[in-house]
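One structure below.
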Amino acid sequence: MPPLMAIEFLCRVADVLSDYLGGLNEDVIKDNFVIVYELLDEMIDNGFPLTTEPNILREMIAQPNIVSKVLSVVTGNSSNVSETLPGATASCVPWRTSEPKYANNEVYVDLVEEMDATINRDGALVKCEIYGEVQVNSHLSGLPDLTLSFANPSILDDVRFHPCVRFRPWESHQILSFVPPDGQFKLMSYRVKKLKSTPIYVKPQLTSDAGTCRVNVMVGIRNDPGKTIDSITVQFKLPPCILSADLTSNHGTVNILTNKTCSWSIGRIPKDKAPSMSGTFVLETGLERLHVFPTFQVSFRIMGVALSGLQIDKLDLKNLPNRPYKGFRALTRAGEFEVRS
Amino acid sequence: MFPQFGATAETLSKASSMVFRIGTDAHLYDDPEDVNIAPLLDSKFDSEKCEALKRLLALIAQGFDVSNFFPQVVKNVATQSLEVKKLVYLYLLHYAEKRPNEALLSINCFQKDLGDPNALVRAWALRAMAGIRLHVISSLVLVAVGKCARDPSVYVRKSAANALPKLYDLRLEEHTSAIEEIVGILLNDQSPGVVGAAAAAFASICPSNFSLIERNYRRLCEILPDVEEWGQIILIGILLRFVIARHGLVEESIMFSLRSTKSGKSEKNGEATKISNKEDTGYASGNDDFGLGADVSGNIDLELANMVSRCYIEGPDEYLSRLSYANTGPSELNVAQFTSGKSNDDVKILLQCTSPLLWSHNSAVVLAAAGVHWIMAPRENVKKIVKPLLFLLRSSNASKYVVLCNIQVFAKAMPSLFAPHFEDFFICSSDSYQIKTLKLEILSSIVTESAISFVFKEFQDYIRDPDRRFAADTVAAIGLCSQRLPDMATTCLEGLLALTRQEFLSSDFGSVDGEAGVLIQAIMSIQSIIKQDPPSHEKVIIQLIRSLDSVKVPAARAIIIWMVGEYSSLGETIPRTLSTVLKYLAWHFTSEALETKLQILNSIVKVLLCAEGQDIQSFKRVLNYVLELAECDLNYDVRDRARFLRKILSSNLDYQGLEEETNILSPNKDLAYVLSGHIFGGQTKSSPPEPINYRFYLPGSLSQIVLHAAPGYEPLPKPCSLPRVDNVDQGTNGLERARNSDSFDTDETDSLSGSLDEEGASDYGSEHSISGSNVSGGSNETGSASEGDDNTDPLIQISDVGNAFENQHGVSHSGSADLGELISKRALESWLDDQPNSSNTSTSEQSQVRVSTARIFIGDIRHRVKTKSYTLLDPANGNGLKVDYSFSSEVSTISPHLVSVEICFKNCSSEPMSDILLEDEESNKDSNSADQTLVATDSSLTSHNNVPILVPMEEITYLEPGQTAKRIIQLYFH
C-alpha cells in the first residue's frame, strides 16, 4: 500500500471519529468504544479501506446524539446499527444520502481562506499566499444539481475538488457543477499565490548588549480590508539561550507558558493607539549577544472578507421543487503567518 | 492567573463530561465485569445479549483474553438482530484463528445468511466468513464468493471483491485459477465501486496477469474517475504497469532520455532551456553565457533521468549491482521497447483519464496520477504535475514528508521542473526537522542563477534559527548551491567566512554543541568550494589559516590544517607563511585533540614533501620535534602514526646534513621516499564526480521513502514484455508491429541486453532446436508466455516440455529475459523416461513410448533462498512425477564451490517410472537436438569445465507408484 494512502486513510478515520464523537481524545474513544469498533469495522477490511464516505457511514451506524442517549437511558435499549443497506451504496452518487426531505430548502456557501505569509528579517514580504476552501452546507430535498461560478477564476493557482465535482465543466468553462452531499462538506480547495500585501504588520525589534536583550514588537494595520480584524495574537518561542524574560504590553495580555512560549493576545487593534509589547530578556551567562532569533507567529481573523479577492458569481440550482434559500459568507484567517526577527 | 477560576472550569468540564457520558457505553467500559456475562449471552432478549457482547468487547479493548466465551458467542450468530450480529462478528473475527474448531460451528449460519433478502446481511456474512481464515472452509468460501460476485447488490459484489485477497492468502494452489476468474468477472463489473475493490484484489492476487486487464483496458480507463478514491490509487498503478508491459515506455517522456544521450543530447538540453525560458528568462541567459556549466548540468540531469528509468524498470538493487559488477555501463533499452505517445491510443487515454485526478482531494490519488504523468507523459507536459504536487505540501506533516521525498527525486532528475517554484520550498518554523532538511536539499538542487539571491537571503535567516542542527544543514546547503552554480562561489565564500568569524564569538566558551556543528559545517562548505578551483581562492585559505588561533573546535581545526598540507605549494603567499604556521602547530601540538594531532602530523609531512629550497631544513626540524612529541603521546593511534612516519621518512630525516637534491633525484636509492611521496604527495587531481548512488523506486511507493526495497515492492514490468495480439489499431505502429509479427525469436534476441552471457545464448539455442517444428505457432502463445514472464519468477521453474510447447516457450522467454539482468542462471534438464509398464494391463498404448521432458531452472539464489516445492504433476489429474527440492546443509566432497541440493522424487502416477536422471542441460544439448527420445549419457559433462556445474546424481532406476526416492545433487552457482 502506498504510504500516502495509509496516511490519508488515517486522517480520514480521525475526521470521521471526531465528527461522530464531537472530538477525539482518549476519554471520548473509551466512552464510545462500541461505536469506534463498529466504525472501524466498516471503514477497513483486510487492510484495505472499505466505506469511508461519511454519509453512508452515518446511515449504517447512527451517530450518538441527545435523543438516542435519552432513549437509551429510558428504555435501556440502544441500537445504533442500521437494519438495511444505505441506498447510496448502489447509486452513482455514493456521497449523497438517498432522497432526503427538508421543509425549507437552504444552501450556504462559505469561502474560508487562510493566509500564509513569511516576512523576513528585513521586513520584506518573502511569500504571501492564500489557501482557501469553498465549504458548502446544503439542506436540499431530492437530487439537486448545482452550478457555481466565480467572477474571477483566473486568479486561482491550483485547485482540488470533492469527488462530486464534475471535471469536464471545470476544464472547459471553469464552472463547478455538482450534485452536493447532504450537510456540511468541503466542495473545493484552492490556492492563490503571490499576493502583494498583508492586512496587518508586525515589526519586532531585538537589540542585545552585555548579556541582556531588549525586545519591542509593534503591531498595526497596513491595508485596511474594510472589516474589523479580530483575535489577533502574536506567539513566539524563546530561544534556548534565554534564561528569563520580562514582557509588558500597552494593549492586550502577555503570557509566558512553561514551555518557553510567549503569547500576546491583542484582540482588536484600538483606534487611538498602536499596540506594542516590550521587555527584556536575560541571556545565558557568558553570552554577550543574542545570535539566534525567534520567529513570531501571528494569527488573526477577518469576518466577511476573502482576502484573495475571489468572488462567487452565481449559484444555480436545478431539479428542485421550490426556490431554496441561498446564503454566502466569507472568512479569512491567518494560516502560517510568520515574521522573522 | 486565577487559580480558583481554573479549578471551577475543571470541575465544570468534569461535570459536563459526566453529562455527556450518560447514554454512552462508558459504564460498560469502566467496569465490564460488574455483572455475570455468561447468563446475559444466553438471554432471550437481544438487548441483554447486546450488552453482554459490548462488555466482552470492552474486555478485548482492555487487553483481556475472553476467548473462553467463544462457544456461547458463536451460538448467537443465528440472531435476527443486526446489531447483535455485528458485535458477534467483531468478536468472532478476533478469536476465530485461536479457536478454529468452534468457529466451524458458525458456518451453517453464514450460509443461511448468504441467502438472506437483506443485502447488508449477505455482505456481512460473506465478510465474516472470509475473515475466518481456515483452510477447511476455503472451498465453501470460494463458492460463496463466486455466488456473491453475481449478486444484484453492488455492495455485496464489492464485499465479494474484498473477500478474494483473504481467500488467496490461504495459499491453496487448487483455488488460484478459480480466484483469478472471479477477479476477471468483477473487473468487468458495471459499477465503479466494484471495479475499485476488484482492482485491489487484482493487485494482491495476480498483479501480472495482464490478460484480465487487456480485455477491459479502455473501459477501466474511462471508469477511473468514478471509482472511489482508494480503488483509484490501486487502479492507476495497474493501468500504468499494463501499458508499459504492452507498449513499453513513451519516447517523448523523460524515461526516454537514455536514447537522447546518444542522439538528441542537444535537443534535450534545448528542451530544458525552453521550459525554463517560459517562466524564468534569467536561467536561460545564464545557460547561454556559461555554456560549459549548462552542458555539465544538463548531463547530470540526463544521467539521472536515465538512472531513474532503469531503476523503475529493473529495481535499483539489480541495476546498481550490475553497474558495479560489470562496469560496462548500462545496457541499452531497445528502440522496440519504446512507443510514441502521440500515436499510441492506449497511452493517450491513460494520460487523459488520469489528468483530472490531479485535482482529487485525496493526496494519495494526486501522487499516483502524478507518477503516471512523470513516467508516461511527453516531456513538455510533465509540468502539469508540478502545481498539484506543490498543493499537497499544505497538509499534515506526515504526508508532507512523503510528498517531499517524491518531489526530491523529480527535482533531481529534472531541476527545471520545480525551479520556478523555489519559493514553495522556503521553510516554515512549524515544519519538522526532517521536512526542513528535505526542503533544503530540494532548494539546493533546483536553484538557478536568477533565484540564487532570494535563496541566499532566506538562508541567511535560517542560519539564525534557534535550531542549530538546521542552521548547520543550511550552511551545508550553501556549499551545495555554490557547487551547482560556480559563479556564486565568491559570494558564498564571503558569507561563510563572515559566518566563521561570527561563530567564534559564541563558540568561544564552547557550551553549545550546535554552534560547533555550524562552524564545522561552514568550514567543510568552504573546503568543498575551494576544492573546485583552488588557485583562485588562495586568499580564503590564508584567511582561514590566520583564524586558526581563534577556531577552537577540533574537527574544524583539523580541516583547516588539512588545507595547509594540501595547498602548501599553491600560489605565492602560502609557501611564505608555512614556516610560521608549522611552528605554531608544533607549539600547540600537545594541547590538541586526537583528530587534530593526526592531521598535524600528516600536514607537516605533506608540506615537507612539497617544500623546496632552504625551508626544508627548518621543516625537518619541526617534523622531528613533533614526531618526538607524538611518540610519547598518550594515544596509541598518534604513537603508531608517528612511528610509521619516522620509519617511512627515516632516510629523509637522517640525511639532514647531506644534500637533499640527490636524495630526491635518485628514487631507486630511496624507495621509501617515493612511497611516502605517493602516500602524502598525491595531489588529488579534481576527483572524478562521485558515482551517483541514489536509489530510485517508483514514485509514491513505500520503498522510495525508506530507500530500500520494501516487502512487496515490484519494479515496473519489462517494457513490451506482453506480446501483442494484433487487434484493431494495426496501422498505427507499422514498424514496431512488423517487428513483433516477425517470428518470436528475433524479438527475443533484440530485447536481450548486451551482457548476455554465453550460457544464455546456448540455452536459448537449445530450446530453439527442441521446438524447431513448433516455432510457427508464435502468435498463439499469449497466455502462457505472459505467465512465464511475470516478475515473480520462482527460484526453480519446472515445466513439462513434452506436454505442451507453449509452456516451454514461456519459460524460455523468462529465462532469457532474466539473463539480461546479469543473474547467472544454470539450466538443468532432466529427462524422464516414463514408460508404461508392459506387464501392466496392456492395452493399445502398449507399444507407444511416452516421453516427457522436464526442465528445471534454478534461478539466482542470492536474493531469495526460500524452500518451495514445485511439482511436475499434471495439474488436471494429479498424476506424474513430483519433484521437491531443498538446499541441504551438507558440504560437498568434491569441491567447495558446489552446493548440495536435496531432491526428492515421488511417483504420483499409477504407473511405475524408470531411469530417472537429472543432469546438466548444456552437456547434452547435442543429443538433445539430435533425437528427443533418449536420455543422453553424461560423458561430456566434465569436459565443460574444471569444476563440474552439476555433479550427476545417482540414477533412479525404478520408482513404484507412490514410492519416494531422495537424491543429493551438487551444483555450481556462479
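Residues considered: B:Ala58, B:Ala78, B:Ala103. Of these, the only one that is in contact with a helix residue (DSSP H, G or I) (Cβ under 8 Å, 6 or more places away or on another chain), within 13 Å of chain A (Cβ to nearest Cβ) and not charged (D, E, K, R) is B:Ala58.
Taking the conditions exactly as written (farther than 18 Å from B:Lys147 by Cβ and modelled with pLDDT of 85 or more), does B:Ile205 satisfy them or not? So B:Ile205 fits the description; yes. Scan region B:430-455 for residues that are free of Cβ contacts under 8 Å to residues at least 12 places away in the same chain and either part of a loop (DSSP other than H, G, I, E, B) or within 18 Å of B:Arg394 (Cα to Cα) (or both) and the total you get is 1. Return the only residue of A:Val215, A:Val192, A:Val165, A:Val159 being more than 23 Å from B:Ser395 (Cα to Cα), among the aliphatic types (A, V, I, L, M), touching a strand residue (DSSP E or B) at 6+ places or on another chain (Cβ under 7 Å) and buried (at least 19 other Cβ atoms within 10 Å of the Cβ). Residue meeting the stated conditions: A:Val215. Taking the criterion of being of a type outside the set (Lys, Arg), assigned to a helix (DSSP H, G or I) and in contact with a helix residue (DSSP H, G or I) (Cβ under 7 Å, 6 or more places away or on another chain), the residues of region B:567-583 that qualify are B:Thr573, B:Ile574, B:Thr577, B:Leu578, B:Ser579, B:Val581, B:Leu582. For region B:152-232, the helices (runs of 4 or more DSSP H) that sit wholly inside it and include 2 or more residues that are within 12 Å of chain A (Cβ to nearest Cβ) and within 18 Å of A:Ile44 (Cβ to Cβ) are B:154-169, B:192-205. If you go through region B:370-421 and keep only what is over 20 Å from B:Asp346 (Cβ atoms), within 19 Å of the chain's Cα centre (by Cα) and within 14 Å of chain A (Cβ to nearest Cβ), you end up with B:Tyr401, B:Val402, B:Val403, B:Leu404, B:Cys405, B:Asn406, B:Ile407. When B:Leu404 is tested against (1) in contact (Cβ under 8 Å) with a residue 60 or more places away in the chain; (2) in contact with a Phe, Trp or Tyr (Cβ under 9 Å, 6 or more places away or on another chain), just one condition goes unmet, and that condition is (1).
If you check B:Glu661, B:Glu612 for being outside any helix (DSSP H, G or I), at pLDDT below 85 and farther than 24 Å from B:Ala522 by Cβ, only one passes: B:Glu612. Could you look through region A:123-146, keep only residues that are free of Cβ contacts under 8 Å to residues at least 40 places away in the same chain and hydrophobic (A, V, I, L, M, F, W, C), and pick out the one that is farthest from the other protein chains (Cβ to nearest Cβ)? Step by step, filter region A:123-146, then rank; the result is A:Ala124.
Only a single criterion out of (1) aliphatic (A, V, I, L, M); (2) in a helix (DSSP H, G or I); (3) more than 9 Å from every other protein chain (Cβ to nearest Cβ) is not satisfied by A:Ile7, namely (3). Selection of strands (runs of 3 or more DSSP E) fully inside region A:222-326 by the criterion of at least 1 residues being more than 16 Å from A:Met115 (Cα to Cα) and within 14 Å of chain B (Cβ to nearest Cβ) returns A:229-237, A:242-249, A:253-256, A:261-267, A:276-283, A:295-303. Scanning region A:109-122 finds one or more residues that are within 12 Å of another protein chain (Cβ to nearest Cβ), more than 16 Å from A:Pro199 (Cβ to Cβ), touching a residue at least 60 places away in the same chain (Cβ under 8 Å) and not hydrophobic (A, V, I, L, M, F, W, C).
Being within 13 Å of chain A (Cβ to nearest Cβ) and among the aromatic types (Phe, Trp, Tyr), is that true of even one residue in region B:433-443? The answer is no, given that none of the residues of region B:433-443 is within 13 Å of chain A (Cβ to nearest Cβ) and among the aromatic types (Phe, Trp, Tyr). Scanning region A:190-208 for residues that are among the hydrophobic types (A, V, I, L, M, F, W, C), within 13 Å of chain B (Cβ to nearest Cβ) and within 13 Å of A:Cys128 (Cα to Cα) yields a count of 2. Among the residues making up region B:36-55, those that are more than 9 Å from chain A (Cβ to nearest Cβ) and small (Gly, Ala, Ser) are B:Ala38, B:Ser43, B:Ala52. Exactly one of these conditions fails for A:Gly304: (1) modelled with pLDDT of 85 or more; (2) surrounded by 14 or more Cβ atoms within 10 Å (Cβ to Cβ); (3) among the small types (Gly, Ala, Ser). Give me its number. Only one criterion in (1) modelled with pLDDT of 85 or more; (2) surrounded by 14 or more Cβ atoms within 10 Å (Cβ to Cβ); (3) among the small types (Gly, Ala, Ser) is unmet by A:Gly304, namely (2). Condition test on B:Leu367, is it at pLDDT 70 or above and touching a helix residue (DSSP H, G or I) at 6+ places or on another chain (Cβ under 7 Å)? Yes: the conditions hold for B:Leu367. Each residue in region A:10-32 was checked for being assigned to a helix (DSSP H, G or I) and either in contact with a Leu (Cβ under 7 Å, 6 or more places away or on another chain) or more than 8 Å from chain B (Cβ to nearest Cβ) (or both), and 14 pass.
The set of residues in region A:147-173 that are in contact (Cβ under 8 Å) with a residue 24 or more places away in the chain and facing chain B (nearest Cβ under 8 Å) comprises A:Asp157, A:Asp158, A:Val159, A:Arg160, A:Phe161, A:His162, A:Pro163. Going through region A:35-61 one residue at a time, which ones are at the interface with chain B (Cβ under 10 Å from one of its Cβ atoms), over 20 Å from B:Asn162 (Cα atoms), in a helix (DSSP H, G or I) and touching a residue at least 24 places away in the same chain (Cβ under 8 Å)? Selection gives A:Ile35 alone.
The values are calculated or read from the model by the stated rules, or taken from the named source; none is laboratory data. In this text, all values refer to a predicted model and were calculated from it rather than measured experimentally. Every residue, glycine as well, gets a Cβ built from its backbone with ideal geometry; the counts of neighbours run over all protein chains shown.
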